[in-house]
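S.K.: Before we start, here is the structure in question, set down as structure tokens.
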Amino acid sequence: MDLETEETQLRQADEHLALAERQIQHQELIVQDLEKDGHDTSLALKLLRTMRDTRNVMQSNKACIVASIGRINGIRAR
């Protein structure tokens, strides 16, 4: 891919990661509220684990994009 496309994808990855972090924080608050009120948290915790796993995949994808940009820049520097 070209540098412009990779940079666009990197910006999108950053935006998606920021959104994922906000959603995870919100879910953590939901779990806390459920615990405080004595409710079953098993499904809320399962969702939270899934959200964290998804965020980890997103971080790996971002790392691939960054590596690709590095390769493109390395080729251009020659």
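S.K.: Might you check whether a residue that is within 30 Å of Gly74 (Cα to Cα), out of contact with any helix residue (DSSP H, G or I) (no Cβ under 8 Å at 6 or more places or on another chain) and of a type outside the set (Ser, Thr, Tyr) occurs anywhere in segment 36-54?
M.R.: no
S.K.: (1) modelled with pLDDT under 95; (2) surrounded by 15 or more Cβ atoms within 10 Å (Cβ to Cβ): which one isn't true of Gln27, the others all being true?
M.R.: Of (1) modelled with pLDDT under 95; (2) surrounded by 15 or more Cβ atoms within 10 Å (Cβ to Cβ), only one is false for Gln27: (1).
S.K.: For segment 36-43, check the following and say yes or no: at least one residue is assigned to a helix (DSSP H, G or I), surrounded by 12 or more Cβ atoms within 10 Å (Cβ to Cβ) and at pLDDT 95 or above. Break it down into steps so the answer makes sense when it comes.
M.R.: Let us first name the residues in segment 36-43 that are assigned to a helix (DSSP H, G or I), namely 36, 42-43.
When the remaining residues are screened for being surrounded by 12 or more Cβ atoms within 10 Å (Cβ to Cβ), the result is none.
No, segment 36-43 contains no residue that is assigned to a helix (DSSP H, G or I), surrounded by 12 or more Cβ atoms within 10 Å (Cβ to Cβ) and at pLDDT 95 or above.
S.K.: Which residue is surrounded by the most Cβ atoms within 10 Å (Cβ to Cβ), if the candidates are limited to segment 7-24 and must be among the small types (Gly, Ala, Ser) and without any contact (Cβ under 8 Å) to a residue 40 or more places away in the chain? Break it down into steps so the answer makes sense when it comes.
M.R.: To start, the set of residues in segment 7-24 that are among the small types (Gly, Ala, Ser) comprises 13, 18, 20.
Imposing the further condition that a residue be without any contact (Cβ under 8 Å) to a residue 40 or more places away in the chain reduces the set to 18, 20.
On the way: Ala18: 10, Ala20: 18.
Taking the candidates together, the pick is Ala20.
S.K.: Taking the stated definitions as given, is Arg71 free of Cβ contacts under 8 Å to residues at least 12 places away in the same chain, out of contact with any Leu (no Cβ under 7 Å at 6 or more places or on another chain) and of a type in the set (Lys, Arg)? First the steps, then the outcome.
M.R.: Working: free of Cβ contacts under 8 Å to residues at least 12 places away in the same chain: yes; out of contact with any Leu (no Cβ under 7 Å at 6 or more places or on another chain): yes; of a type in the set (Lys, Arg): yes.
So Arg71 passes the test.
S.K.: Of all residues in segment 48-78, which are more than 15 Å from the chain's Cα centre (by Cα) and assigned to a helix (DSSP H, G or I)? Can you show your working first?
M.R.: Just the residues of segment 48-78 that are more than 15 Å from the chain's Cα centre (by Cα), to begin with: 67-78.
Of everything in segment 48-78, those that are more than 15 Å from the chain's Cα centre (by Cα) and assigned to a helix (DSSP H, G or I) turn out to be Ala67, Ser68, Ile69, Gly70, Arg71, Ile72, Asn73, Gly74, Ile75, Arg76, Ala77.
The values are calculated or read from the model by the stated rules, or taken from the named source; none is laboratory data. In this text, all values refer to a predicted model and were calculated from it rather than measured experimentally. All Cβ positions, glycine included, derive from the backbone under ideal geometry; neighbour counts span all protein chains shown.
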